[in-house]
Every structure is written in C-alpha cells, then in structure tokens.
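Read through the structure below, which is laid out as structure tokens, and then see the notes.
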Amino acid sequence: MTGVFTSRRTSRAGLGLWLPKLMLAAALAGCSHNPPPPAPQPGTPAANIVVSVQNQNLNDVDVFANINGVPQRLGTVTSQSTNSFEVKYDQIGPAGHFSVVVSPIGGAGAYRSGALTLQPGSQVSVAVAPVLRNSTTQVY
C-alpha cells in the first residue's frame with residue numbers, strides 16, 4: 001500500500017512541475033495575435049479622413065470641418081439621411097486641429113464636436129440628433 005501512495009505523490013509532484021509551465025504556454029498563446037496593419041501613408045488616398053453624417057434631425061444641415069482654425073464647408077445632409085465627405089489628411093497634418101460643426105438650415109444654433117485627434121485614415125461618425133445638442137461624434 002505504501003508504494004501506491006508514493007506513486008500518486010510522484011505523479012502529483014510531476015503534475016505540479018508541468019502545470020505552471022502549461023498554464024504559462026496557454027496564456028502566451030492566447031495573447032499572441034497578428035500585428036495591426038500598417039497605418040496609411042500621408043499623401044495617399046487611404047490616409048484621407050472620411051466624415052460620415054447621419055442626420056436624424058427634422059432640418060437639413062450644413063456640415064463644416066474646422067481645420068486648423070479655418071472653417072471649410074463639406075456639404076449638406078438632408079433630413080433623415082446619411083452622407084459621407086472626404087477630407088485630405090495633408091490639409092490637417094499630424095499635429096493639426098480638427099473639429100466638425102453641423103448647422104441646421106433655417107434653424108438656430110449649431111453642434112460643435114470639439115477637438116478631435118485623428119490619424120491617417122481615421123473615420124469620423126457624426127449622429128445629428130432630433131435635438132441638436134444631443135448629437136454625438138465618434139472617431140474610428
């Protein structure tokens with residue numbers, strides 16, 4: 001009977017040596033992944049910023065990009081529709097300031113996104129809410 005206990009202890013001890021190594025290998029395998037794709041190079045079409053505006057407001061809206069303090073009209077989005085606009089990344093630059101301003105046509109007030117941090121190829125999504133001050137902006 002003593003030999004049986006010894007063999008069980010030996011197998012548990014052997015398992016005790018291998019279990020941490022096995023867990024470490026599993027954790028490292030779970031953390032490994034493919035590296036992210038390279039960022040688009042400035043000056044290429046892939047680096048341009050896409051601004052998508054979904055207008056849920058009852059008014060048509062004009063959309064402006066404020067680039068380094070200079071407003072630039074991007075276009076109009078009619079009520080209950082979506083439109084996308086493209087801004088060249090070269091206009092903004094790596095340390096540039098960018099924000100979106102949405103102004104209802106024939107209405108009062110405006111929605112301002114605030115300063116946005118962008119990388120080459122970023123996508124900006126603006127949801128214009130029925131109540132303008134409840135609008136949101138997201139950067140992807």
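The values are calculated or read from the model by the stated rules, or taken from the named source; none is laboratory data. Computed from a predicted structure; not experimentally measured. Ideal geometry is used to build each Cβ from the backbone, glycine not excepted, and the neighbour counts take in all protein chains shown.
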Would you confirm whether any residue within the range 98-116 is in contact with a Lys or Arg (Cβ under 6 Å, 6 or more places away or on another chain) and among the hydrophobic types (A, V, I, L, M, F, W, C)?
-> yes
Would you point out which residue out of G43, G30, G69 is loosely packed, with under 15 Cβ neighbours inside 10 Å, at pLDDT below 75 and out of contact with any Gly (no Cβ under 9 Å at 6 or more places or on another chain)?
-> G30
Of all residues in the range 58-88, which are farther than 11 Å from S103 by Cα, of a type in the set (S, T, N, Q) and assigned to a loop (DSSP other than H, G, I, E, B)?
-> N68, T78, S79, Q80
Qualifying positions in the range 105-140 - assigned to a loop (DSSP other than H, G, I, E, B), within 19 Å of the chain's Cα centre (by Cα) and not hydroxyl-bearing (S, T, Y) | G114, A115, L118, Q119, P120, G121
Flagged pairs (Cβ under 6 angstrom, 6 or more apart or on separate chains; first in the range 54-66, without any contact (Cβ under 8 Å) to a residue 60 or more places away in the chain and crowded, with 17+ Cβ neighbours inside 10 Å; second in a strand (DSSP E or B) and of a type in the set (G, A, S)) are N66/S99
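Quick check, is V131 of a type in the set (V, I, T) and either exposed (fewer than 12 other Cβ atoms within 10 Å of the Cβ) or in contact with a helix residue (DSSP H, G or I) (Cβ under 8 Å, 6 or more places away or on another chain) (or both)?
The answer is yes for V131.
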Options G106, G114; residue that is out of contact with any helix residue (DSSP H, G or I) (no Cβ under 7 Å at 6 or more places or on another chain), closer than 18 Å to S52 by Cβ and surrounded by fewer than 12 Cβ atoms within 10 Å (Cβ to Cβ) = G114
